[in-house]
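Student: Please find one structure pasted underneath; my questions will follow.
Read-outs: derived from the displayed coordinates by stated rules, not from any lab. Please read all numbers here as calculations on a predicted model, not as lab measurements. Cβ: placed from backbone, ideal geometry, glycine included. Neighbour counts: every protein chain shown.
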Amino acid sequence: MKDAFVCNALIDTYAKCGSMNDAVKVFNVMEFKDVVSWNAMVTGYTQSGNFGAAFELFENMRKENIPLDVITWSAVIAGYAQRGCSQEALDAFQQMILDGSEPNSVTIISLLSACASLGALSQGMEIHAYSLKKCLLSLDNDFGGDGDGEDLMVYNALIDMYSKCRSFKAARSIFDSIPRRERNVVTWTVMIGGYAQYGDSNDALKIFSEMISKPYAVAPNAYTISCILMACAHLAALRMGYGMHGRGKEALDIFDKMQKAGFVPDDISFLVLLYACSHSGMVDQGLNYFDIMRRDYDVVASAEHYACVIDLLARCGRLDKAWKTIQEMPMEPSAVIWVALLSACRVHSNVELAEYALNKLVNMKAENDGSYTLISNIYANARRWKDVARIRQLMKKSGIKKRPGCSWVQGKKGTASFFVGDRSHPLSPEIYSLLERLIGRIKVMGYVPETNFALHDVDDEEKNNLLSEHSEKLALAYGLLTTSPGCPIRITKNLRVCGDCHSAFTYISKIVDHEIIVRDSSRFHHFKNGSCSCGGYW
């Protein structure tokens with residue numbers, strides 16, 4: 001037994017130091033192996049990420065009738081959870097209970113992680129209740145004063161589980177029950193991350209502000225920063241989220257400061273960064289970040305990262321490079337990638353590639369009214385009116401209806417909404433009269449209506465009239481009529497802003513005393529003094 005004790009200590013030491021080969025050597029020469037020996041090996045393999053070896057050893061224990069205790073089961077459940085095999089982790093827990101073993105805090109944390117990955121709220125609630133019943137959680141939230149106890153770890157896992165299952169009331173209730181002085185960086189980050197990814201990004205920013213406020217301020221880590229960047233991207237808060245506003249340089253500056261502060265960027269950081277580069281036309285910088293992400297930080301590119309790169313290349317007209325990147329992807333291209341390619345084909349008039357992208361979307365059953373509208377634009381620009389008609393018939397046959405363009409604008413008396421050709425507003429006569437005067441003035445300045453954005457096979461004069469009735473132009477005219485001089489006009493559109501309207505707004509911003517801010521389905525556009533923040537990349 002003395003030899004077994006020494007050998008077990010050696011195995012445990014080697015395993016914790018990551019020297020599993022040495023641990024195996026000691027394990028193999030042992031004449032007598034007790035449950036501690038086996039557990040040390042299973043735990044070591046799990047902690048080193050060699051889950052296959054851990055599970056194989058676990059099965060050998062069962063075959064040889066080695067008694068399994070809570071340490072064995074916890075290591076296996078943790079291994080399944082870390083590997084992403086969430087259902088297997090829950091199944092193992094059921095076997096553990098049937099086997100008569102009582103779980104500990106480590107088991108509970110792994111199970112909650114599995115429930116979070118599956119979005120299994122009911123199972124997560126059962127584990128929460130089980131933990132309270134078995135006194136694995138204290139009811140009085142006594143964390144021992146150091147903020148690092150097992151109770152706090154379990155509470156953090158509960159917040160994460162409830163957040164990822166979109167049960168924010170429960171997550172916030174647990175979060176609020178933890179005294180501020182006891183919350184560690186994980187506590188704050190799981191709550192911020194939950195709101196940023198699945199809930200209200202405003203709440204994420206509010207909690208982050210609390211986190212860094214005195215007293216009991218807690219320094220954020222790299223993952224906290226990534227979550228905040230994600231929240232800002234969703235909110236497009238200009239002073240913190242820069243990519244959607246065309247402020248790519250500022251986004252890159254923040255990334256550099258983040259690195260200098262010692263934070264190691266993760267996959268989310270790079271995703272936000274690539275998004276900012278794409279929406280600012282910073283092609284070389286974006287491609288460089290995509291390379292160093294894999295080379296210097298060992299971050300594996302996901303389909304979302306590739307989608308940003310395809311979008312980045314496609315927006316600037318490098319369709320050949322975009323196509324080559326799609327062919328070299330290690331995974332099947334997602335619908336987002338084909339939409340990005342299709343969108344770029346409209347800008348760069350590549351009918352053949354657009355048709356290929358649309359066919360891919362159709363085969364994936366991922367086509368929608370936006371996809372068909374894009375291909376219609378491309379056909380119309382090429383004056384292929386029969387194909388435009390064919391697409392309309394195909395949409396009708398498929399039961400897909402084109403969403404009508406709608407724009408909202410904030411005025412003194414609330415928000416007004418407009419559809420294309422809308423004349424229902426009481427101020428319609430004034431709106432159309434103002435639009436006529438504005439378009440007359442900007443034509444003198446060099447504005448030429450982009451009639452290819454009117455998808456009807458009619459003469460240019462009628463197309464001009466159709467363009468003047470677009471919802472965002474009507475919203476702008478209403479904003480000019482009702483907004484005090486010098487105040488920004490804020491417009492939201494449910495679709496992407498029309499190219500002709502974008503051109504018109506750029507000219508109009510030269511002659512009005514307002515900044516015009518348009519939020520479309522893709523990004524923000526800030527029109528001021530004859531230029532737009534997007535730089536033509538949208």
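Student: Tell me, rounded to the nearest percent, the portion of alpha carbon pairs in segment 406-532 spaced more than 18 Å apart. Kindly include the intermediate steps, with their values, before the conclusion.
Tutor: Working: 3864 of 8001 pairs.
Beyond 18 Å sits 48 percent of the P(r) for segment 406-532.
Student: Applying the Karplus parametrisation 6.51 cos²θ - 1.76 cosθ + 1.60 with θ = phi - 60° to the phi angles of segment 26-36, what ³J(HN,Hα) value in whole Hz is obtained for each residue in order, glycine and proline being reported as x?
Tutor: 5, 4, 5, 8, 5, 6, 10, 10, 9, 4, 5
Student: Shifting gears a bit: By a straight-distance test (C-alpha under 16 Å), which aspartates and glutamates pair with K401 as possible cross-link partners, with residues fewer than eight away in the same chain excluded?
Tutor: E367, D369
Student: Which value in nm describes the separation of the simple spin-label points at D200 and V336, placed 7 Å from the Cα toward the beta carbon?
Tutor: About 2.6 nm separates the two model spin labels.
Student: What net charge is computed for the residues neighbouring I77, neighbours being all others with C-beta under 14 Å from the C-beta of I77, Lys and Arg scored +1, Asp and Glu -1? Walk me through the intermediate numbers first.
Tutor: Values: positive: R83; negative: D69, E88, D91, D99, E102.
Spelling it out: positives minus negatives among the neighbours equals -4.
Student: Check the straight Cα-Cα distances from K164 and name the aspartates and glutamates below 17 Å, setting aside those fewer than 8 residues away within the same chain.
Tutor: Here the aspartates and glutamates satisfying the reach criterion relative to K164 are E126, D200, D203.
Student: Okay, moving on. Grab the DSSP H runs of the chain that are 4 residues or longer, score each as -39,500 (n - 2.57), total them, divide by all residues and round the 222 nm result to the nearest 500 deg cm²/dmol. It would help to have the intermediate numbers written out before the result.
Tutor: Values: 26 runs with 333 residues, N = 538.
Result for the chain: -19500 deg cm²/dmol, rounded to the nearest 500.
Student: With axes computed from alpha carbons, what is the tilt in degrees of helix 70-83 against the longest principal axis of the chain, rounded to the nearest 10 within 0 to 90?
Tutor: With rounding to tens, the tilt is 20 degrees.
Student: Could I ask something else about it? Measure nothing but the geometry: give the 0 to 90° angle between the long axis through the Cα atoms of 248-260 and the longest principal axis through the Cα atoms of the chain, rounded to 10°.
Tutor: 20
Student: Multiply the residue gap between E64 and K397 by 0.36 nm, knock off their C-alpha separation, and tell me the result in nm, one decimal place.
Tutor: Working: separation 333, 0.36 × 333 = 119.88 nm, distance 6.38 nm.
This chain segment gains 113.5 nm when fully extended.
Student: Here is a follow-up. Straight distance only, please: which lysines reach the Cα of K25 with their own Cα at less than 29 Å, same-chain residues fewer than 8 apart left out?
Tutor: Reachable lysines: K2, K16, K33, K63.
Student: What's the local net charge at Y195, with K and R +1, D and E -1, over the other residues with C-beta under 10 Å away?
Tutor: Working: positive: R172, K206; negative: D200, D203.
After counting each charged neighbour, the total is 0.
Student: Enumerate the amide H contacts of R496 below 5 Å, restricted to partners 5 or more residues apart or on another chain; note that Pro and chain-start residues carry no placed amide H.
Tutor: Here S521 satisfy the definition.
Student: On the Cα set of the chain, report Rg and Dmax in Å, please.
Tutor: That works out to 29.3, 98 Å for Rg and Dmax.
Student: Name the longest site-free stretch of the chain, where the excluded sites are GluC sites (Glu not before Pro) in a DSSP loop with no more than 16 other beta-carbon atoms within 10 Å. Spell out each step's value before the answer.
Tutor: On the way: sites that count: E31, E64, E515.
The reported range is 65-514.
Student: Can you list the HN-Hα couplings for segment 332-344, worked out from phi with the Karplus curve (6.51, -1.76, 1.60; θ = phi - 60°), rounded to whole Hz and with x for Gly and Pro?
Tutor: 5, x, 7, 4, 4, 5, 5, 5, 4, 5, 4, 4, 5
Student: Using just the C-alpha positions of segment 1-92 as equal point scatterers, what log10 of I(q)/I(0) does the Debye formula give at each q in 0.10, 0.17, 0.21, 0.23 1/Å?
Tutor: Summing over Cα pairs of segment 1-92 leads to -0.23, -0.66, -0.98, -1.15.
Student: To the nearest 10 degrees, how steep is helix 351-363 against the longest Cα principal axis of the chain, on a 0 to 90 scale?
Tutor: Its long axis makes an angle of about 50 degrees.
Student: Counting alpha carbon pairs within less than 8 Å and at least 6 residues apart, what relative contact order, in whole percent, applies to the chain?
Tutor: Working: 783 pairs, mean separation 36.2, N = 538.
Across the chain, relative contact order equals 7 percent.
Student: What are the ³J(HN,Hα) couplings of segment 272-281, residue after residue, when phi is run through the Karplus curve with 6.51, -1.76, 1.60 and θ = phi - 60°? Round to Hz, x for glycine and proline.
Tutor: Result, rounded to whole Hz: 5, 5, 5, 4, 4, 4, 4, 8, 10, x.
Student: What length, rounded to one decimal in nm, is gained on full extension from M329 through to E515, with 0.36 nm per residue of separation minus their alpha-carbon distance?
Tutor: Working: separation 186, 0.36 × 186 = 66.96 nm, distance 4.15 nm.
Taking 0.36 nm per residue and subtracting the Cα distance, the gain is 62.8 nm.
Student: Full extension from E31 to Y432: what is 0.36 nm times the residue separation minus their Cα-Cα distance, to one decimal in nm?
Tutor: Working: separation 401, 0.36 × 401 = 144.36 nm, distance 9.32 nm.
Extending this stretch completely gives an extra 135.0 nm.
Student: Considering amide H positions built from the backbone, and no H for Pro or chain starts, which residues 5 or more places from G411, or on another chain, come under 5 Å of its amide H?
Tutor: A416
Student: Any idea what the relative contact order of segment 406-532 is, in percent, if you count C-alpha pairs under 8 Å spaced at least 6 apart?
Tutor: Here the relative contact order equals 28 percent.
Student: Take the residue pairs K321/K402; K360/K386; K206/K257; K249/K443; K169/K493; K443/K473 and return only those whose Cα atoms are more than 25 Å apart. Walk me through the numbers on the way to the answer.
Tutor: On the way: K321/K402 31 Å; K360/K386 22 Å; K206/K257 22 Å; K249/K443 33 Å; K169/K493 31 Å; K443/K473 15 Å.
Too far apart for the 25 Å limit: K321/K402; K249/K443; K169/K493.
Student: Considering amide H positions built from the backbone, and no H for Pro or chain starts, which residues 5 or more places from I491, or on another chain, come under 5 Å of its amide H?
Tutor: Correct list: I517, V518, R519.
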